[in-house]
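Heads up: the structure comes next, in structure tokens.
The values are calculated or read from the model by the stated rules, or taken from the named source; none is laboratory data. Here the structure is a predicted model, which means the values were calculated and not measured. Counting neighbours? That spans all protein chains shown, and the Cβs are built from the backbone with ideal geometry, glycine included. Note: accessible area is taken over every heavy atom of the protein model, side chains too, but ligands, DNA and RNA are not part of it. Shrake-Rupley method; radii C 1.70, N 1.55, O 1.52, S 1.80 Å.
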Amino acid sequence: MQKEMKFAIFGNTYQEHKSAHVTHLLKILRKRNANICISHEFYEFLRIHAQTDLSGLEVFDGNNFTADMALSIGGDGTFLKAASRVGEKEIPILGINTGRLGFLAAISPDEMEETFEDIYNGNFIAEPRRVLKLTCENNILKGCPYALNEIAVLKRDSSSMITIKAYINNELLNIYQADGLIVATPTGSTGYSLSVNGPIMVPQSGTISITAVAPHSLNVRPIVIRDDWEITLEVGSRSHNFLIAVDGRSESCHEEARLTIKRADHFIKIVKRKNNTFFNTLREKMMWGADSRI
């Protein structure tokens, strides 16, 4: 007898021409008599822009939902937003990639049928990924403090670089003069951090990387540390403020703020098919071995 499952759906609200994938997904889930709930903003987007049957769906706001699995339809940005909504619930998240590169949203729409066949047969892995938590001594942060990918400190309102004093377990690491600093998890090492020459880290490595954005000194290099160590940042700026970006969700912060970054107590679980390993994904997305001369 087929087990009953409940799915929570999150989606990209900018690409109406890709809504056919949602229609296909709902058809697959209804065929299996799944219970389906959907985020309010994605429901409204589909109601206005898509020719999709939305009958029988449970609509929820914010983080007010329960499910056996969350489904993210879009790119990695959509996946990160879904992860922030799942938060400490530790509900496994499956990313269906209708975006571009897709390290997190790794399942293509063409693979949905066979992927849900695997899910219902229990033939999948819910891989736990470490999360970072950002705190500020003045408690001025407005958004979600948890990051699956990275926490970045960046300049704003000026072309001048900012000064960042970085401490590891209260010991001074370096005083960076740069456009910013990215503290990334292994999951985020293939995201923003990679674009500024940060290291690629294996998800199970138990590490965090610290990488400067356009540093003033050519001697500055990325560093990888243990993920149970605490990072403290003090930021100085000519404009007296800077940006904090937590998985791309940014807000302004005054330079007097002292930031602390440490490992969160919970994981985000990423659903993967058993043949979809980290190294397979790297080879595919980075096009390693694609040189025809080899």
For residues that are in contact with a strand residue (DSSP E or B) (Cβ under 6 Å, 6 or more places away or on another chain) and either farther than 24 Å from Ser160 by Cβ or surrounded by 14 or more Cβ atoms within 10 Å (Cβ to Cβ) (or both), tally how many sit in segment 229-254. 18
Here the residues within segment 221-238 that are in contact with a Ser or Thr (Cβ under 9 Å, 6 or more places away or on another chain) and either within 25 Å of Thr277 (Cα to Cα) or not charged (D, E, K, R) (or both) are Pro222, Ile223, Val224, Ile225, Arg226, Asp227, Ile231, Thr232, Leu233, Val235, Gly236, Ser237
If we only count strands (runs of 3 or more DSSP E) wholly inside segment 1-109, which ones have 2 or more residues that are buried (at least 22 other Cβ atoms within 10 Å of the Cβ)? 6-11, 35-39, 69-74, 93-97
Does Tyr176 satisfy being modelled with pLDDT of 95 or more, more than 14 Å from Gly248 (Cα to Cα), crowded, with 24+ Cβ neighbours inside 10 Å and not β-branched (Val, Ile, Thr)? yes
Identity of the residue in segment 110-136, polar (S, T, N, Q) and in contact (Cβ under 8 Å) with a residue 12 or more places away in the chain, that ends up least open to solvent (accessible area, probe 1.4 Å): Thr115
Which of (1) open to solvent by less than 60 Å² (accessible area, probe 1.4 Å); (2) within 14 Å of Arg130 (Cβ to Cβ) does Ala212 not meet, given it meets every other one? (2)
Are there any strands (runs of 3 or more DSSP E) wholly within segment 183-294 with 3 or more residues that are modelled with pLDDT under 90 and of a type outside the set (A, V, I, L, M), and if so which? 249-254
Which one of the conditions (1) touching a strand residue (DSSP E or B) at 6+ places or on another chain (Cβ under 9 Å); (2) in contact (Cβ under 8 Å) with a residue 60 or more places away in the chain does Ser158 fail to meet, given that it meets all the rest? (1)
Count, please, the residues in segment 255-294 that happen to be charged (D, E, K, R), touching an Asp or Glu at 6+ places or on another chain (Cβ under 8 Å), closer than 19 Å to Thr185 by Cα and open to solvent by less than 50 Å² (accessible area, probe 1.4 Å). 1
Counted residues in segment 194-247 being of a type in the set (S, T, N, Q), touching a Pro at 6+ places or on another chain (Cβ under 6 Å) and in contact (Cβ under 8 Å) with a residue 24 or more places away in the chain come to 2
Does Asp157 qualify as being in a helix (DSSP H, G or I), open to solvent by 20 Å² or more (accessible area, probe 1.4 Å) and of a type outside the set (Gly, Ala, Ser)? no
